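Below: the structure, in structure tokens.
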Amino acid sequence: MPEKTYDHQAIELKWLERWQRAPLYKAEENSSRPKYYVLEMLPYPSGTLHMGHLRNYTIGDALARFKWMRGFNVLHPMGWDAFGLPAENAAIKRGLHPREWTRANIAEMKKTHHRYAFSYDWDCEVSTCEPEYYRWNQWFFLKMLERGLAYRKKSRVNWCRECATVLANEQVVEGCCWRHESTPVEQRELEQWFFRITAYADEMLADIDRLVGGWPERVLEMQRNWIGRSEGAEVDFHLEGTGEPVRVFTTRVDTIYGATCVILAPAHPLAASLVPPAEQARVKAMIDSQRHKDLGDLEKEGFFTGHYAINPYNRQRIPIWVGNFVLLEYGTGAIMAVPAHDQRDFEFCRKYGIPVWPVIRPADGTIAEESSMQESFCEDGVLENSGETFGLASAEARRRMSGRAEAEGFGKAAITYRLRDWGVSRQRYWGTPIPVVHCPGCGVVPVPEDQLPVVLPLNVKITGAGRSPLEGVPEFMSAKCPRCGADARRESDTMDTFVDSSWYFYRYCDAQNDRAPFDSAKVGYWFPIDQYIGGVEHAILHLIYSRFFTRVMRDLGLIANSEPTTRLFTQGMVYKDGAKMSKNKGNVVGADDMANQYGADTGRLFVLFAAPPEKDLEWQEAGVDGMYRFIGRVYRFTTRNAERARSGGERTEADVKALRKLHQTVQKVTEDFESRWHFNTSIAAVMELVNQLHALEPQLSGGALAEILEKIVLLLAPFVPYVAQELWEELGGQGQVFRQPWPDYDPELAREPEAEIPVQVNGKLRSRIYAPFGAPKEEIERRALADEKVQAFVAGKQIVRIVVVPDKLVNVVVKP
């Protein structure tokens, strides 16, 4: 049969049209096959997709197709994280309603997903801006309100002027808004709704150890640090003159006899009353600098307030300072400075001439002299100059001193966290309405469950200024109190959009349910997620919130699992011209443009081949062209040999070589899928196989070609579904190629008859020899010394010894 020309457009559009007519990727209910739930993080529908976006989806799709071929019942859904500020900005700039803009973007992105043959079960699709979805956000809010996990309080909050809304602590990056990277975040006092995520802080921290091996260690360490558990003691120093307590948190109460000052955070309430008016501008400047810079980059600065505090342990009078490196959000917002035993305190106190009082010595050493100290001694040791705890080891002293504080009423043992409760109020329109009303008589009253959803009105004017646009919709804001029937006012804040993405993967399992968020039995079958795929930028926000939501749902009796996913994979970024591919930078390669010029298969293959999936990828047009040529080469090789593969024939010497390489390739690709996900080396192995087949092609029998062609097509099916399906049909295959069994391999056939053994002389590689596997050391030595290249380096020299690692290495040690 003559070879055919590879026409990517004709092939891909043919199968695209056929596939859209059939529900190919629907997960089975009540299946006897093992389940596999693979999921990429749902996207925000911002418009057209580029190849930076598609890397994530391509990785997940290749895995889903492989698992189908391995006999799994696969759930591979997709949805839309559809609420959010960009839709409001679009309404202002383009004169479009956020709903119209969002739905148009979803349609455009879904079209691209289809074009790239992503194997999604669209029956599971959810869009978080639809009342059918956000009704259950409101239901969860009410359940948390019942259990004290949702509450309202006046709080100092992070405010972005550009967003005109509150930001969670996790959404402040180096003092600026996470969306508007150059917009400094301000502090404001507002009544806000919170989720009590700290109620699960200990459990979430402890359970991180259960995720080791399944989640990247970098992500786990980021979560440990963000939760930030510290054990210590809270101790009340007292303001001289008034006796007003100044509570500090310390992890080293054993060093408190060495405290030489108290340092307040600039935003601490006492700072406003203790600092004289002339210094208030300095306080404000410090608060601003904390928002705009990473604390690690701040030069430590402070000033004396003119006031003193009394140490409750020894009645020592010490000065009260304000320091730019102390955070109101951590501990109590005040610290005791012990410069002899904390390096940060040491640097600060030396800078400002504050005394240094050593009170801990090494267990096998002596106490340091203040005048000779060049740095602090931060380790545990033995207490000196410490009253009744003199001579105690640090650990025992901490226990006794915490007990004394509690017994005498000036403190207690305490645990503090860096993690703060999740502020979920947003002064925006395009989000889930918070289901409460404010009644003049009854106060805050939850909306009854049978009145959900509280539907977001469509007739709203969005300007981007002031508080929530919902306040300008009187028919929405006016309500009756569910408790007393009086006129009431709806809550005008909407929920943080991270609420939407904290539980969406459960809804995928039962997307059409109008009686509950989901059927627990269906979720019980699919959960936890077997493989979750997304960017490392979500390590803190989305992943911590989703772990919190999972525990809340477990305690509501909805699910049995405590973690949403067993395995997490964080893919690398796609770069072009040295910068992350981004519409803002103008360096994107459009996904639709790629499909038109080279084909979706080429785009898929390049993003899998150009770098290991966990590494960043630099976009190279020459590499894309190389993938296109490779697909064309496979296509031509298969079509010109398809007829010959049906002819049978006697086994040839070329067959043996080709089949050995084939089985080696199947083994490698299988192992890469099952373990390392080194798709780049898998694809390279198939390329190497095709190169060898071209060299052996004239000598190959029809029988060998039949096995070779079928297995190459099946190997490529997860990566390039269009051309694989076309070639499957060319070979006479029936049904969908991704539903065929994954090709098997014979380990004995894949085994090389001889080992390739590097030969070194004095540790430097000089040659390679071949010997049967398991050959005796004497035979390997003989072959090594007989090698011409080796002889050139040992001639005229004394052989001291020969080190042989069977099948692996020979090292000949010589001297002149």
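Any residue that is charged (D, E, K, R) and surrounded by 13 or more Cβ atoms within 10 Å (Cβ to Cβ) - is there at least one of those in the stretch 313-322?
No, the stretch 313-322 contains no residue that is charged (D, E, K, R) and surrounded by 13 or more Cβ atoms within 10 Å (Cβ to Cβ).
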Problem - Residue list for the stretch 659-705, restricted to those being of a type in the set (D, E, K, R) and open to solvent by 10 Å² or more (accessible area, probe 1.4 Å) - result: 660, 661, 668, 671, 674, 676, 688, 697
Practice task
Answer with yes or no whether residue 331 is in contact with a strand residue (DSSP E or B) (Cβ under 8 Å, 6 or more places away or on another chain), on the phi > 0 side of the Ramachandran plot and at pLDDT 95 or above.
Solution key: no
Fill in the blank from the handout: Pairing a residue in the stretch 367-386 that is over 14 Å from residue 347 (Cα atoms) and hydroxyl-bearing (Ser, Thr, Tyr) with any residue that is open to solvent by 20 Å² or more (accessible area, probe 1.4 Å) and part of a loop (DSSP other than H, G, I, E, B), where Cβ atoms lie under 9 Å and the two sit 6 or more apart in sequence or on different chains, gives 386/314; 386/392
Exercise for the section: Give the residue, chosen from 489, 467, that is in a strand (DSSP E or B) and of a type in the set (D, E, K, R). Expected result: 489
Exercise for the section: Spot the failing condition for residue 52; the list is (1) among the small types (Gly, Ala, Ser); (2) part of a helix (DSSP H, G or I); (3) in contact with an Asp or Glu (Cβ under 8 Å, 6 or more places away or on another chain); (4) open to solvent by 10 Å² or more (accessible area, probe 1.4 Å), and only one is missed. Expected result: (3)
Exercise for the section: Would you point out which residue out of 402, 376 is of a type in the set (S, T, N, Q), in a loop (DSSP other than H, G, I, E, B) and open to solvent by less than 40 Å² (accessible area, probe 1.4 Å)? Expected result: 376
Exercise for the section: Would you mind finding the one in 507, 483, 467 that is open to solvent by 70 Å² or more (accessible area, probe 1.4 Å), at negative phi, modelled with pLDDT of 95 or more and among the basic types (Lys, Arg)? Expected result: 483
Problem - Hey, residue 515 open to solvent by 50 Å² or more (accessible area, probe 1.4 Å) and assigned to a loop (DSSP other than H, G, I, E, B) or not - result: yes
Exercise for the section: Taking the residues in the stretch 69-78 that are buried (at least 24 other Cβ atoms within 10 Å of the Cβ) and of a type outside the set (A, V, I, L, M) as candidates, determine which candidate is farthest from residue 33 (Cα to Cα). Expected result: 77
Handout entry: Conditions (1) within 29 Å of residue 228 (Cα to Cα); (2) surrounded by fewer than 19 Cβ atoms within 10 Å (Cβ to Cβ); number of the one not met by residue 441
Key = (1)
Practice task
Any residue in the stretch 512-530 that's closer than 15 Å to residue 30 by Cβ and at pLDDT 95 or above: show its pairings with residues that are in a loop (DSSP other than H, G, I, E, B) and open to solvent by less than 60 Å² (accessible area, probe 1.4 Å) at Cβ separation under 6 Å, as long as the two are six or more apart or on different chains.
Solution key: 523/559
Fill in the blank from the handout: Looking across the stretch 544-582 at residues that are part of a strand (DSSP E or B) and under 22 Å from residue 37 (Cα atoms), the single one that is nearest to the chain's Cα centre (by Cα) is 570
Practice task
Can you run down the residue pairs with Cβ atoms below 7 Å, 6 or more apart or on separate chains, where the first is in the stretch 41-55 and basic (Lys, Arg) and the partner is in a loop (DSSP other than H, G, I, E, B)?
Solution key: 55/571
Completion exercise
Going through (1) modelled with pLDDT under 95; (2) of a type outside the set (Asp, Glu); (3) not in a loop (DSSP other than H, G, I, E, B) one by one, residue 429 fails only at (3)
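Does residue 132 count as more than 27 Å from the chain's Cα centre (by Cα), closer than 30 Å to residue 192 by Cβ and in contact (Cβ under 8 Å) with a residue 24 or more places away in the chain?
In short, yes.
Yes/no per residue for (1) small (Gly, Ala, Ser); (2) at pLDDT 95 or above:
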{"position": "535", "(1), (2)": "yes, no"}
{"position": "538", "(1), (2)": "no, no"}
{"position": "568", "(1), (2)": "no, yes"}
{"position": "587", "(1), (2)": "no, no"}
Practice task
Sort out which residues of the stretch 176-223 are without any contact (Cβ under 8 Å) to a residue 24 or more places away in the chain and either closer than 26 Å to residue 571 by Cβ or in contact with a Lys or Arg (Cβ under 9 Å, 6 or more places away or on another chain) (or both), and write them in order of number.
Solution key: 177, 178, 180, 181, 183, 208, 209, 212, 213, 217, 220, 221
Practice task
Look through 223, 192, 138 and report the one residue that is open to solvent by less than 20 Å² (accessible area, probe 1.4 Å), modelled with pLDDT of 80 or more, over 30 Å from residue 65 (Cβ atoms) and not in a helix (DSSP H, G or I).
Solution key: 192
Fill in the blank from the handout: Result of the Cβ filter at 6 Å on the stretch 561-586, keeping first residues that are over 27 Å from residue 502 (Cα atoms) and partners that are of a type in the set (Gly, Ala, Ser) and surrounded by 15 or more Cβ atoms within 10 Å (Cβ to Cβ), at least 6 apart or interchain, is none
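The values are calculated or read from the model by the stated rules, or taken from the named source; none is laboratory data. This one's a predicted model, so the numbers in the text were calculated from it and none came from an experiment. Neighbour counts are summed over all protein chains in view; Cβ atoms, including those assigned to glycine, are modelled from backbone coordinates with ideal geometry. Note: areas computed on protein heavy atoms with side chains; ligands, DNA, RNA excluded. Shrake-Rupley method; radii C 1.70, N 1.55, O 1.52, S 1.80 Å.
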